Amino acid sequence: MTRHTHVAIIGSGPAGLTAAIYTARANLAPIVIEGEISSTSDQPGGQLMLTTEIENFPGFINGIEGPELMSNFRSQAERFGAEFHTAKVTRIDASNRPFAIWTSDQGDGDASYLADAIIVATGARSIMLGVDREIELIGHGVSTCATCDGFFFRGQEIAVVGGGDSAMEEATFLTKFASKVHIIHRRSELRASKIMQDRARANPKISFTWNSRVVELIGGDQLEGVVLEDTITGERSKLAVTGLFVAIGHEPNTSVFEGILDMDGARYIVTHDGTNTSVEGIFACGDVQDHIYRQAITAAGSGCMAALDTERWLESVHAG
Ligand code: NAP
């Protein structure tokens, strides 16, 4: 059965849930299509569900666990009447308004929703190495965010995987805390821009491990080291590190919007004048349209913007 809604919010990380709180308080009765648990790092609540302690989200003097923060966001949205639907969006028809949305639990027949406006908040995912126990050890030595977790590695020896600007930036940042940072790269040449390379190479706390890939994570509940494989000789060696920062790139979750919304070369949704996308009535917020800041607080801020943009747009359409 197809239901009509004023606002469908796709995604339930800090951006989607902030948009839900604001649109719910504006009496728009939003439906949040929150995603569903899949085998990858993908789930309702977004990337913070994979984080342990968050110390830089304002308002929590002693920090808060990622899942607890997201559960609070969700309860706050529910308190004002936001409704949640645990499923993935599989298809959208944006050629007419209201927009039609199909979800994973309803097959290819009738659309699940007809929405006057859509807020896209599907986020991005860190590309992971694909080694055993990598996801399980996130927050226990494995991290995808130096800004978020660097502080926990004071005085420790750690490693960063990758040879791009992100890896150089993260490694350089991490030297503020760590005693030593190993950059592990699968080739003998970096992809990073010269300035970022030079900065990393000049840092006495950074050393490079070339032609190497991480093939195993060592440790019980907490990371104690990694097994490296030489990409040329195949030889294996152990490196004792208590932290492993995976910095091999990010991927926005935009496949369902392909051909519908304008995207940049890296497939992030392009927004203009706040959170407007290339389709009138569809707004985007959070990491799905931001590859620069990628913080919970910036995602939440843009979720608020998307809600206000949506509210104003709906008012203008109904008034017109
Ligand atoms: P990137 O440029 O795509 O680099 C990814 C790096 O990870 C590459 O060195 C790649 O190795 C390596 N890699 C990819 N898959 C791997 C795997 N499975 N195992 C091991 N290594 C793997 O990504 P990025 O560094 O995140 O940068 C993305 C974009 O953002 C770039 O345009 C970058 O310039 C920009 N950026 C800019 C700044 C800044 O200016 N401050 C900071 C961060 C990012 P290969 O080199 O062998 O392919």
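The values are calculated or read from the model by the stated rules, or taken from the named source; none is laboratory data. Here the structure is a predicted model, which means the values were calculated and not measured. A quick note on method: Cβ atoms are made from the backbone with ideal geometry, for glycine too, and the neighbour counts reach across all protein chains shown.
Okay, here's what the table says:
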| quantity | calculated |
| --- | --- |
| Residue match in region 165-183 (condition: near the ligand (Cβ under 8 Å from one of its atoms), outside any helix (DSSP H, G or I) and either of a type in the set (Ser, Thr, Tyr) or surrounded by fewer than 21 Cβ atoms within 10 Å (Cβ to Cβ) (or both)) | no |
| Cβ pairs under 9 Å, 6+ apart, first in region 155-180 and on the phi < 0 side of the Ramachandran plot, second within 12 Å of the ligand (Cβ to nearest atom) and among the acidic types (Asp, Glu) | VAL160/GLU170; GLY163/GLU189 |
| Number of positions in region 190-219 that are within 11 Å of the ligand (Cβ to nearest atom), part of a loop (DSSP other than H, G, I, E, B) and over 22 Å from LYS238 (Cα atoms) | 4 |
| Elements of type strands (runs of 3 or more DSSP E) contained in region 58-136, each with 3 or more residues being of a type in the set (D, E, K, R), modelled with pLDDT of 95 or more and within 30 Å of GLN222 (Cα to Cα) | none |
| Members of region 250-282 found to be surrounded by 13 or more Cβ atoms within 10 Å (Cβ to Cβ) and closer than 22 Å to LEU190 by Cα, listed by number | HIS250, GLU251 |
| Pairs where the first residue, in region 199-227, is under 18 Å from MET168 (Cβ atoms) and the second is part of a helix (DSSP H, G or I) and not polar (S, T, N, Q), C-beta under 8 Å, 6+ apart | ARG199/MET168; ALA200/MET168; ALA200/ALA171; ASN203/ALA171; ILE206/ALA171; ILE206/ALA200; PHE208/ARG201 |
| Region 249-261: number of residues that are under 17 Å from CYS285 (Cβ atoms) and within 11 Å of the ligand (Cβ to nearest atom) | 1 |
| Check on ASP264, closer than 18 Å to MET128 by Cα, of a type outside the set (Lys, Arg) and within 16 Å of the ligand (Cβ to nearest atom) | no |
| Filtered residues of region 259-297 (kept if out of contact with any Lys or Arg (no Cβ under 7 Å at 6 or more places or on another chain), touching a residue at least 12 places away in the same chain (Cβ under 8 Å) and not in a loop (DSSP other than H, G, I, E, B)) | ILE269, ASN276, ILE282, PHE283, ALA284, GLY286, VAL288, GLN289, ALA296, ILE297 |
